[in-house]
Amino acid sequence: MATTLEKFIHSLDLRALPRVLQIQSGFYCQDSIYERFGNECSLSTEEVIKVIGFKINKLIASICENNEVCQFSAKVELPLNFPGLYKIVADKTPYVSIEEIARKVSIGPTRLGHPCFYSTEDIKLANFTIKRDEQITFKSVEEVHGTTAVNCVVVRNNQPHSFTLPFSQEGEFYECEDDQIYTLKEIAEWKIPKCRNRIVKLSNTLHMWDSSSPLPENFDGCLILKPVYKVQAVMKFQKGIVHILSDLDVEVKDVTDCYDISSFLQPLSLEDIFERTSKEFPMVAEIVEGPSGNQKPYNLLSTGKEIVIYKKYQAARVLASEMRSDSSKRHYLIPMSYKGKFKRRPREFPTAYDLEIAISGKELLHVVATKAFISPHKELFSVSVGDQFLVQQCQTTEVLYEGRKQLIDVLACEQILSDSYKKVLLPMYMEGGFVEVIHDKKQYHLSEICKEFHLPFNVKVSVRDLSIEKDVLAAAPGLQFEEEITDSYLLISSASSPGESWEIPVYRSNMWVHLLSKDVQTVVPPVTRTTVEEVSKERYYMLRRYENLNHHPPPRPPKKPT
C-alpha cells in the first residue's frame with residue numbers, strides 16, 4: 001500500500017531498518033529535486049531505494065493554546081540550534097502496551113533516553129508489584145530468554161528496584177510530568193515520540209528577542225513541534241549515500257519482503273561496526289561517506305578511501321577547557337597517550353566547601369583569601385583579604401547561636417603568621433574567595449595528574465608533545481582539567497599506506513563504510529598517533545551533562561545556621 005514518504009518515516013522504527021522502498025509517484029522538477037538540498041540524486045517512478053537511517057533535520061512549530069493548535073497560528077520553521085530552553089508538556093494520550101512505548105519513544109544509554117511512565121493499575125510481577133501511579137523509569141531494551149523486554153527501575157524510599165517488563169505487557173500507561181529543561185536539539189533527538197505531537201513550553205529564550213526571530217515578541221507560551229527528517233538512503237548500483245528530506249512530495253511503497261536487499265550496497269555506521277564482536281576484527285572497509293572536519297585524521301578519511309579497522313575498545317580522555325574569561329574559550333578531549341608535560345597553575349575556590357573537596361593526601365593546600373568574611377560566631381574565625389591558610393580537614397564543632405548550642409560543619413585550617421601558625425576554624429557555609437599558592441615546580445604527565453590530584457585542576461603546558469605536528473594545547477594561556485571520561489573508539493589506518501593508526505570516536509564521527517572481503521595484510525596495528533580532539537561548545541556541554549554519569553555531583557555546601 002502506497003503512502004507518503006513523510007507518513008512512512010514518521011511511523012518507522014529505527015530497529016526495523018534497513019527498508020527497501022519503491023517510488024510510486026511524486027512531484028518532480030526538470031532537474032534533480034535533490035540538488036536544491038545539495039545532494040545530487042534523481043528519482044523516477046518505480047525506482048527503488050534502500051533506507052538505512054534517518055534523523056530529525058528541523059522542526060515545524062505551531063503556537064499552541066490549551067494543548068490545541070491555535071486556529072490562526074502560522075507554522076514556523078525552527079532549526080535544531082534555535083536558542084532557548086524548553087519544558088516538555090506530558091502527553092495526555094495513553095499508551096496501551098510496553099511494546100507501543102518501546103516502538104514510539106526513544107530509549108537509550110543516557111539520562112535523555114530514560115523516559116518515565118506510570119500505569120493506571122497495579123502491575124503484578126513474579127516477585128514484585130508496581131503500584132498504580134508509581135513512576136517507572138525505562139532504562140534499556142533487550143532480549144531476555146527469547147522475549148523482548150524493557151529494563152525498568154522504580155525508586156522507593158530512595159532505593160532503586162530493578163525489573164523487566166515484556167513487550168506483551170498491556171495496560172494504560174501515561175507519560176510522567178518532566179520538570180527538566182532541554183535544548184531544542186535534545187528534544188529533537190530524544191523526546192519526540194513517533195506518530196505523536198510533542199508540546200513544549202518555552203522556559204528561557206537565552207537571548208534578546210529580535211526581528212529575525214520566527215516567534216512573536218515576548219512569547220512565553222507552548223509550541224506543538226512536528227519533525228522533518230533527513231533520510232539516508234542508497235540507490236541501486238551506486239556507492240554514495242543520498243539525503244532526502246521526509247516532507248518531499250513523494251509516495252512510496254515498502255517492498256522489503258519481496259526484494260533482494262543484498263543487491264544494494266550495505267553501508268554501516270561506526271556504531272554498527274562497534275557492535276560487531278571482537279573476533280570479527282581486523283577488517284577492511286571502503287569509506288562511503290567521510291566525516292566532516294579539516295584536522296587530522298578526519299581530513300585523511302575521504303570518500304572512496306580504503307581503511308583497515310583493527311579493533312574496538314573503550315579509552316579514557318580528559319575533558320579540558322582554556323582558562324579564558326571571554327567567549328572564545330576552546331574545549332579539548334586529551335588522550336592519556338599525550339606526551340607533553342604540564343606545570344601547575346593556581347586554582348580559585350569560591351567557598352570553604354570547595355577547599356574541602358580539593359584536599360589531597362599528597363600535600364597541604366596553601367591558599368590566600370581574596371575576600372573578607374566576618375564570622376557571626378566567636379568560636380569561628382573572621383577572614384581578612386590577604387590572610388593565608390594551610391587547609392587541614394573537615395570536622396564538626398559546637399557554636400552558640402541565640403543562647404543555644406548548635407553543631408555545624410567547619411573546615412580546620414592553620415593561619416600562616418609571620419613567625420608561627422594559628423589553628424582556626426572556618427564555617428563550611430562561608431562564601432569567600434581563595435587563590436591557591438603553588439610551591440610545586442615539578443612537571444607532570446597527564447596520567448600523573450589524574451592519579452595524584454582531584455579534578456578540576458589548573459595547568460599550563462611546559463613541554464609540548466613533539467609527536468603532534470601542531471600541539472594546540474601549547475598555545476593555550478592555561479588549561480583547566482575538568483573531568484575524566486570514558487568513550488568508545490575504533491583503531492583505524494589507511495589500507496594503502498598503513499604507517500600510522502588513529503583513534504576514531506564512534507559517537508562523534510558521522511561516517512559510513514562498506515566492508516570489503518579482503519584479507520588484512522598485518523594484524524598488528526601500526527603506531528597510534530596521539531590526537532587532541534577539539535570539541536564544539538555544544539558538544540562540550542553534552543559531554544559535561546551526559547557522558548560521565550558515574551560521577552555524581554557533590555552535594556551543595558551547608559547552609560548558614562538560622
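The values are calculated or read from the model by the stated rules, or taken from the named source; none is laboratory data. All of these numbers come straight from a predicted model, not from anything done at the bench. With ideal geometry, Cβ positions are generated from the backbone for all residues, glycine too; neighbour counts draw on all protein chains shown. Quick note on the areas: whole protein, heavy atoms, side chains included, nothing else; ligands and nucleic acids left out. Shrake-Rupley method; radii C 1.70, N 1.55, O 1.52, S 1.80 Å.
Could you grab me the full set of residues in region 420-441 that are outside any loop (DSSP other than H, G, I, E, B), open to solvent by less than 10 Å² (accessible area, probe 1.4 Å) and more than 14 Å from Gln388 (Cβ to Cβ)?
Answer for region 420-441, where residues must be outside any loop (DSSP other than H, G, I, E, B), open to solvent by less than 10 Å² (accessible area, probe 1.4 Å) and more than 14 Å from Gln388 (Cβ to Cβ): just Pro427.
For a quick check of your reading of the model, give me the residue pairs whose first member lies in region 96-109 and is assigned by the TED database to the domain that holds Ser168, whose second is among the basic types (Lys, Arg) and open to solvent by 20 Å² or more (accessible area, probe 1.4 Å), with beta-carbon atoms closer than 6 Å and at least 6 apart or on different chains.
Lys104/Lys194
Given the conditions (1) open to solvent by 50 Å² or more (accessible area, probe 1.4 Å); (2) modelled with pLDDT of 85 or more, report the number of the one that Lys236 does not fulfil.
So Lys236 meets the others, but not (2).
Can you find a residue in region 319-331 that is within 23 Å of Asp487 (Cβ to Cβ), more than 24 Å from the chain's Cα centre (by Cα) and at pLDDT below 95?
no
Kindly indicate which of Ser447, Ser462 is part of a helix (DSSP H, G or I) and surrounded by 13 or more Cβ atoms within 10 Å (Cβ to Cβ).
Ser447
Out of the residues in region 1-53 that are out of contact with any strand residue (DSSP E or B) (no Cβ under 8 Å at 6 or more places or on another chain) and hydroxyl-bearing (Ser, Thr, Tyr), state the one that is modelled with the lowest pLDDT.
This residue is Ser32.
Tally up the residues in region 351-376 that are more than 12 Å from Gly432 (Cα to Cα) and basic (Lys, Arg), please.
Number of matching residues: 1.
Evaluate region 401-419: report whether one residue or more is assigned to a strand (DSSP E or B), outside the structural domain of Val535 (by the TED database) and of a type in the set (Ser, Thr, Tyr).
yes
Of everything in region 150-191, what is open to solvent by 30 Å² or more (accessible area, probe 1.4 Å) and in contact with a Pro (Cβ under 6 Å, 6 or more places away or on another chain)? Give them in sequence order.
Glu172, Tyr174
Can you find a residue in region 142-158 that is in contact (Cβ under 8 Å) with a residue 24 or more places away in the chain and touching a Gly at 6+ places or on another chain (Cβ under 9 Å)?
No: zero hits.
Checking Asp249 against (1) in contact with a Phe, Trp or Tyr (Cβ under 8 Å, 6 or more places away or on another chain); (2) surrounded by 15 or more Cβ atoms within 10 Å (Cβ to Cβ), which test does it fail?
(2)
Among the numbered criteria (1) over 26 Å from Leu5 (Cα atoms); (2) touching a residue at least 12 places away in the same chain (Cβ under 8 Å), which one does Ile261 miss?
(1)
Restricting to region 469-484, name every residue that is touching a residue at least 40 places away in the same chain (Cβ under 8 Å) and open to solvent by 10 Å² or more (accessible area, probe 1.4 Å).
Matches in region 469-484: Glu469, Asp471, Val472, Ala474, Pro477, Gln480, Glu482, Glu483, Glu484.
Just need a number here: residues in region 110-141 that are touching a residue at least 12 places away in the same chain (Cβ under 8 Å) and either among the charged types (D, E, K, R) or assigned to a strand (DSSP E or B) (or both).
Within region 110-141, the first condition is being touching a residue at least 12 places away in the same chain (Cβ under 8 Å), and the residues that meet it are 110-121, 123, 125, 128, 130, 132-141.
When the remaining residues are screened for being either among the charged types (D, E, K, R) or assigned to a strand (DSSP E or B) (or both), the result is 111, 116-119, 121, 123, 130, 132-134, 136-141.
Qualifying residue count, region 110-141: 17.
Kindly state which strands (runs of 3 or more DSSP E) lie completely within region 278-346 and contain at least 3 residues that are basic (Lys, Arg) and in contact (Cβ under 8 Å) with a residue 60 or more places away in the chain.
Strands (runs of 3 or more DSSP E) meeting the threshold: 306-322, 341-344.
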